[in-house]
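Following: one structure in structure tokens, then a few remarks.
The values are calculated or read from the model by the stated rules, or taken from the named source; none is laboratory data. Not measured: the values here are computed from a predicted model. Please note: Cβ atoms are built from the backbone with ideal geometry, for glycine as well, and neighbour counts cover all protein chains shown. Heavy atoms of the whole protein, side chains included, go into the accessibility calculation; ligands, DNA and RNA do not. Shrake-Rupley method; radii C 1.70, N 1.55, O 1.52, S 1.80 Å.
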Amino acid sequence: MNITIRQLKVFSSVARNQSFTRAAEELFLSQPAVSMQVKQLESQLDVALFEQLGKKIFLTDAGHEVYHYARLIDEKLGEMESIINGIKGLHHGKLRISVATTANYFAPPLLSTFYKRFPGLNVVLDITNRKTILKQLQDNEVDLVIMGQPPKEMDLEAAAIMENELVVIAPADHPLAGEKQIPMSKLESETFLVREQGSGTRYAMERYFQAHELNITMGMEVSSDEAIKQSVQAGLGLGFLSSDAIQTELLLNRLVVLDMEHPSRKRYWHIVHRKGKRLSAFAHAFKNFILEEGPHILGKEPAGL
Ligand code: PGA
């Protein structure tokens, strides 16, 4: 068998896009060139990889198998490239990081310090919610992630960075603002703005209310911390967010943290990767940097102190 990496790349693009035309656009090739690569791969394997039903193309059973291995090979090539870059010295390389939406409030200053030390580094930063981060870890699409609580059921290596305190927020002129040790039951007469399904913040909020057996009215569902803050300020309800997301609003007295009788359970930010993943030299350096210097740069206590 004389399969080439190029054939596999072209085939993967067609499979992912379910279209020869879109694959050609993605790869800056002509459509006949794409068809030719796929045909050659099919003849090497002596099996059909796609079937056409109506106007659509679908992977055959063999196609699904080849697609699975083509992705594995592509991942391993990327891994090899990073490792070799590391051996050559930390001069050039790529670091793929995903951070939870809320970590967006502190990740950029950390990245900027790290960047200055390794100017040859090319960082691909994705800011997305917990659900997507878990999918990216599952599919081995990222080197490292910064997230809240990692799930126990996935095989991950997670190290706690610093505390991620989750608090109930209200507009500065709210009647409960300034009250001390507010009984939990008072929240039952409020409406809460909620993050979207799949958000770690939302998950933590639901667990907090469940733990205190509260029957909470859920108001508008919004998919960013930023929108929650704006909506709370506009008087649309209360919110439940990481204190890392509201520092500016607290300083400007636009929002207040309600002093609840029972604060939410202690949570931490974690730096996480798949167990057994061979980290590139850059990824190693970044992980150590975050754990050793991150909290200090942000003026926070490191976890475990
Ligand atoms: P989120 O994650 O951005 O998905 O809400 C934050 C967290 O897990 O604490």
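Starting from residues that are among the aliphatic types (A, V, I, L, M) and closer than 21 Å to residue 122 by Cα, keep the ones in segment 272-300 and report whichever is surrounded by the fewest Cβ atoms within 10 Å (Cβ to Cβ).
Out of the qualifying residues, it is 291.
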Legend entry - Number of the condition not met by residue 165 [criteria: (1) away from the ligand (no atom under 16 Å from the Cβ); (2) charged (D, E, K, R); (3) open to solvent by 80 Å² or more (accessible area, probe 1.4 Å)]: (1)
Inset, instruction - Write out, first by first residue and then by second, each pair whose Cβ atoms fall under 9 Å of each other, whose residues are 6+ apart or on separate chains, and whose first residue, in segment 153-169, is small (Gly, Ala, Ser) while the second is part of a loop (DSSP other than H, G, I, E, B) and open to solvent by less than 40 Å² (accessible area, probe 1.4 Å). - result: 158/150; 159/303; 160/303
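Counting only residues that are of a type in the set (A, V, I, L, M, F, W, C) and free of Cβ contacts under 8 Å to residues at least 40 places away in the same chain, how many does segment 39-73 have?
Counting residues in segment 39-73 that are of a type in the set (A, V, I, L, M, F, W, C) and free of Cβ contacts under 8 Å to residues at least 40 places away in the same chain gives 8.
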Inset, instruction - Please state which one of 238, 252 is under 15 Å from residue 172 (Cβ atoms) and exposed (fewer than 13 other Cβ atoms within 10 Å of the Cβ). - result: 252
Inset, instruction - Could you list all residues from segment 1-34 that are more than 18 Å from residue 73 (Cβ to Cβ), among the polar types (S, T, N, Q) and more than 33 Å from the chain's Cα centre (by Cα)? - result: 30, 31
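Report, by residue number, each residue of segment 126-145 that is within 16 Å of the ligand (Cβ to nearest atom), in contact with a helix residue (DSSP H, G or I) (Cβ under 9 Å, 6 or more places away or on another chain) and open to solvent by 70 Å² or more (accessible area, probe 1.4 Å).
127, 131, listed by residue number.
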Legend entry - Restricting segment 181-213 to residues that are open to solvent by less than 30 Å² (accessible area, probe 1.4 Å) and under 20 Å from residue 261 (Cβ atoms), the residue that is nearest to the chain's Cα centre (by Cα): 204
Inset, instruction - Take residue 37 and decide whether it is under 25 Å from residue 77 (Cα atoms) and out of contact with any Leu (no Cβ under 7 Å at 6 or more places or on another chain). - result: yes
Legend entry - Listing of strands (runs of 3 or more DSSP E) fully contained in segment 116-180 that carry 2 or more residues being modelled with pLDDT of 95 or more: 144-147, 156-163, 166-171
Inset, instruction - Check off (1) within 16 Å of the ligand (Cβ to nearest atom); (2) under 26 Å from residue 294 (Cα atoms) for residue 193 and give me the number that stays unchecked. - result: (2)
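Within segment 27-71, work out how many residues are open to solvent by 80 Å² or more (accessible area, probe 1.4 Å) and either of a type outside the set (Asp, Glu) or assigned to a helix (DSSP H, G or I) (or both).
Counting residues in segment 27-71 that are open to solvent by 80 Å² or more (accessible area, probe 1.4 Å) and either of a type outside the set (Asp, Glu) or assigned to a helix (DSSP H, G or I) (or both) gives 16.
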Legend entry - Condition met for residue 71 (touching an Asp or Glu at 6+ places or on another chain (Cβ under 9 Å) and modelled with pLDDT under 95): yes
